[in-house]
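Working notes for the structure below.
The values are calculated or read from the model by the stated rules, or taken from the named source; none is laboratory data. Not measured: the values here are computed from a predicted model. Cβ coordinates were reconstructed from backbone atoms using ideal geometry, including for glycine residues, and neighbour counts include every protein chain displayed.
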Amino acid sequence: MAGDVVKARFPRRLLIQIVATNIFRYLFRGAARNWFRNIGSAAPALSSMTLLLLLSGLVGLVGFALYNLETIQSAEASLLHVYVRDDARAADVDSLWDRLAADPRIASVTYTTRAEALARAQHMPGLPQLASATESNPFPASLDVRVKNINDVASIDRLVRYEIAVDPVYSTSYDRGAYQRIQAFLLGIAVAGLAFLGLLGFVAVTVTMNSIRAAIHSRRDEVTIMQLVGAPRWMVRGPFVIEGAITGAVAGIVVFGLTAAGIAAASTSFAQFAPGVTAAVAAFAAALVFATGLGLGSGSSLISVRRHLES
Amino acid sequence: MPSVLRPILEFAGVTRAYGSRLALDDVSLALEPGELAFLVGPSGAGKTTLLRLINREIRPSMGHVWVDGLAAHNIKASRVSALRRRVGVVFQDYKLLPRLTAMENVAFALQVGDLRVSDDEAKERALDALEAVGLGDRGDSFPHQLSGGQQQRVAVARAVVGQPPLLIADEPTGNLDVDTSWEMMDLFADIAAFGTTVLIATHNVEIVRRFQRRVITLVHGRLVRDQPAGRTGRMAWLATS
């Protein structure tokens, strides 16, 4: 009816669209534009971030491979070969076998003949030459004892070492320090790797923070105006945080690309030089590295913004 | 009959110290809606400190600052933007973004202060504001294509486009010639006439004397005189530095 005032709410969908458009424009598009405009000052941060992520990925994959290696070595170390003397009586061997099989600390006992030991040696690195160097078979028969807990290997070794059926010279395969040496070596590598990554991370974060500080400085007027006209704090800080995230993301994409190229070039040989590192594992590591880049870039920017952008 | 309007700006026993030096010392004052007042005093008297307290760029060491009902003295950091949307600010050096046109400078302030403002609305309101300051035909000009007076008008348009209840100006005529300064002051008077409270910090004795508005005089951080409108002639000497 003419003259009636119709009260209508502003359409919610349109409002959301307007807000989204403004956020996209002032936060994301503005950040991307400024990042490309100031790529010169972002380049050191980008380089150090790329290097950090690349090395992190490599160290991560090497660590994963070493972890798998350590698992294999651990399994090997829990297998005790009890070498049977050449002239041992079958009854003595059987007796020892039965006692070992009855021991609750032992998972299994199998007997390896001299011929089987020779055959096995011919598949082990370095041993085929030794196996073919003499016409006779130098490898003794053995009882292969799978110990449940690696810490019990030493006591099992003491138990069998002086048995009558056991070779008095080379009684078992037990090497007291071998496993500990491997563990110490791996621990050393892990500590050194983490320390190196920590140092590199510190450098990357510092360089990124400085590049954001430079960006803040170069846009000081814009920031001042935004603050004075009452732009919300997140809107003033947001573009800089996103710029840092872009730096991290671009670095992550570069690393992702390098990893993808590596996977394409050498997927079949991963297993040979790095046990357990399959193409899927490498792809997962690359995705993780990308996410890390995103987080590190935005995180270090946020620190910088909090430090340098407070009014 | 006494006024019953709530003051737009109120200082109650405000002290601001920088180390052992008092930039403001126990200042109390109130400005009502639509009032235009000059803030005068020699250099270092505390004028800029007072303006910065209004905009919550700094906090008072003691006392209370109320801006349109908001407690600027202890407002949370997350609420500062809400306070600043209630205060338009004009600077001596204009502070326009050089890569944006006059219209974009005004619209930018409107949109970053309120994300719900659409492009069309921002443009329309920005052009209205420019029209109001006499620059309706220069919306597409970049700051470097405008004179100092025109740039200051754009800055005023930007300050008032969000329709804040309070406008503060720090030496707004400091970079302008005499004629342009008068035009600028007329503009501030018009803004006040429409209900916006205007507080202008200035050294310009001539303007203060001729406008015959309220004059608040600071010396060494202390409010030494608060002359009501129409009785400003005798204190003009204090505005000289």
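I want to confirm something. Restricting to the stretch A:277-311 and keeping residues that are within 14 Å of another protein chain (Cβ to nearest Cβ) and outside any helix (DSSP H, G or I), which single residue is farthest from A:ALA264 (Cα to Cα)? Looking at residues that are within 14 Å of another protein chain (Cβ to nearest Cβ) and outside any helix (DSSP H, G or I), I get A:SER311.
Keeping to the stretch B:99-156, report how many residues are in a helix (DSSP H, G or I) and either of a type in the set (A, V, I, L, M, F, W, C) or under 20 Å from B:MET185 (Cβ atoms) (or both).
Initially, the stretch B:99-156 is screened for residues in a helix (DSSP H, G or I), giving B:102-113, B:119-132, B:143-145, B:148-156.
Next, only the ones that are either of a type in the set (A, V, I, L, M, F, W, C) or under 20 Å from B:MET185 (Cβ atoms) (or both) stay: B:102-103, B:106-110, B:112, B:122, B:126-127, B:129-132, B:148-156.
Summing the residues that are in a helix (DSSP H, G or I) and either of a type in the set (A, V, I, L, M, F, W, C) or under 20 Å from B:MET185 (Cβ atoms) (or both) in the stretch B:99-156 gives 24.
Could you list all residues from the stretch A:227-265 that are within 14 Å of chain B (Cβ to nearest Cβ), in contact (Cβ under 8 Å) with a residue 60 or more places away in the chain and not small (Gly, Ala, Ser)? Once the filter is applied, which keeps residues that are within 14 Å of chain B (Cβ to nearest Cβ), in contact (Cβ under 8 Å) with a residue 60 or more places away in the chain and not small (Gly, Ala, Ser), the stretch A:227-265 yields A:GLN227, A:MET235, A:VAL236, A:ARG237, A:PRO239. So B:GLY41 clears everything in (1) surrounded by 14 or more Cβ atoms within 10 Å (Cβ to Cβ); (2) at negative phi except one condition, right? Which one? Here B:GLY41 clears every test but (2).
The condition (being surrounded by fewer than 20 Cβ atoms within 10 Å (Cβ to Cβ), closer than 20 Å to A:TRP35 by Cβ, in contact (Cβ under 8 Å) with a residue 12 or more places away in the chain and aliphatic (A, V, I, L, M)) is satisfied by just one residue among A:ALA190, A:ALA214: A:ALA214. Taking the criterion of being within 12 Å of another protein chain (Cβ to nearest Cβ) and at pLDDT 90 or above, would at least one residue in the stretch B:124-140 satisfy it? No, the stretch B:124-140 has no match at all. Residues in the stretch B:49-92 that are touching a residue at least 40 places away in the same chain (Cβ under 8 Å), at the interface with chain A (Cβ under 8 Å from one of its Cβ atoms) and polar (S, T, N, Q): B:ASN55 only. Only one entry in A:VAL207, A:VAL147 is touching a strand residue (DSSP E or B) at 6+ places or on another chain (Cβ under 8 Å) and modelled with pLDDT of 80 or more, namely A:VAL147. The conditions of being acidic (Asp, Glu), touching a strand residue (DSSP E or B) at 6+ places or on another chain (Cβ under 8 Å) and either more than 14 Å from chain A (Cβ to nearest Cβ) or crowded, with 21+ Cβ neighbours inside 10 Å (or both) are met by B:ASP25.
Quick one: in the stretch B:162-211, which of the residues that are of a type in the set (Ser, Thr, Tyr) and crowded, with 20+ Cβ neighbours inside 10 Å is farthest from the chain's Cα centre (by Cα)? Full working, then the answer.
From the stretch B:162-211, those of a type in the set (Ser, Thr, Tyr) are B:173, B:180-181, B:196-197, B:202; that's our starting set.
From what's left, crowded, with 20+ Cβ neighbours inside 10 Å: B:173, B:181, B:196-197, B:202.
Details: B:THR173: 12, B:SER181: 15, B:THR196: 10, B:THR197: 9, B:THR202: 11 Å.
It comes out as B:SER181.
Pairs are defined by a Cβ separation below 6 Å, a sequence spacing of at least 6 or placement on different chains, a first member in the stretch A:291-302 that is in contact (Cβ under 8 Å) with a residue 60 or more places away in the chain, and a second member that is surrounded by fewer than 22 Cβ atoms within 10 Å (Cβ to Cβ) and not in a helix (DSSP H, G or I); no pair meets this definition. Within the stretch B:59-72, being in contact with a strand residue (DSSP E or B) (Cβ under 9 Å, 6 or more places away or on another chain) and surrounded by fewer than 19 Cβ atoms within 10 Å (Cβ to Cβ) holds for B:ARG59, B:SER61, B:MET62, B:GLY63, B:HIS64, B:TRP66, B:ALA71.
For the stretch A:239-253, the criterion of being more than 36 Å from the chain's Cα centre (by Cα) and crowded, with 23+ Cβ neighbours inside 10 Å is satisfied by no residue at all. Among the residues of the stretch A:139-165, those that are more than 41 Å from the chain's Cα centre (by Cα) and loosely packed, with under 13 Cβ neighbours inside 10 Å comprise A:TYR162, A:ILE164. Flag set for A:PHE256, criterion: crowded, with 19+ Cβ neighbours inside 10 Å and either at pLDDT below 85 or within 16 Å of A:GLY40 (Cα to Cα) (or both).
Is there a residue in the stretch A:54-61 that is in contact (Cβ under 8 Å) with a residue 40 or more places away in the chain and either over 30 Å from A:LEU187 (Cα atoms) or loosely packed, with under 15 Cβ neighbours inside 10 Å (or both)? No, the stretch A:54-61 contains no residue that is in contact (Cβ under 8 Å) with a residue 40 or more places away in the chain and either over 30 Å from A:LEU187 (Cα atoms) or loosely packed, with under 15 Cβ neighbours inside 10 Å (or both).
Scan the stretch B:1-16 residue by residue and report those that are of a type outside the set (Phe, Trp, Tyr) and either out of contact with any strand residue (DSSP E or B) (no Cβ under 7 Å at 6 or more places or on another chain) or crowded, with 17+ Cβ neighbours inside 10 Å (or both). Break it down into steps so the answer makes sense when it comes.
Taking the stretch B:1-16 first, the residues of a type outside the set (Phe, Trp, Tyr) are B:1-10, B:12-16.
Scanning the stretch B:1-16 gives B:MET1, B:PRO2, B:SER3, B:VAL4, B:LEU5, B:ARG6, B:PRO7, B:ILE8, B:LEU9, B:GLU10, B:VAL14, B:ARG16.
Of A:SER132, A:SER155, which residue is at pLDDT 85 or above, over 30 Å from A:ALA204 (Cα atoms) and either in a loop (DSSP other than H, G, I, E, B) or not aliphatic (A, V, I, L, M) (or both)? Outline the logic, then answer.
On the way: A:SER132 fails: at pLDDT 85 or above.
Exactly one of A:SER132, A:SER155 is at pLDDT 85 or above, over 30 Å from A:ALA204 (Cα atoms) and either in a loop (DSSP other than H, G, I, E, B) or not aliphatic (A, V, I, L, M) (or both), namely A:SER155.
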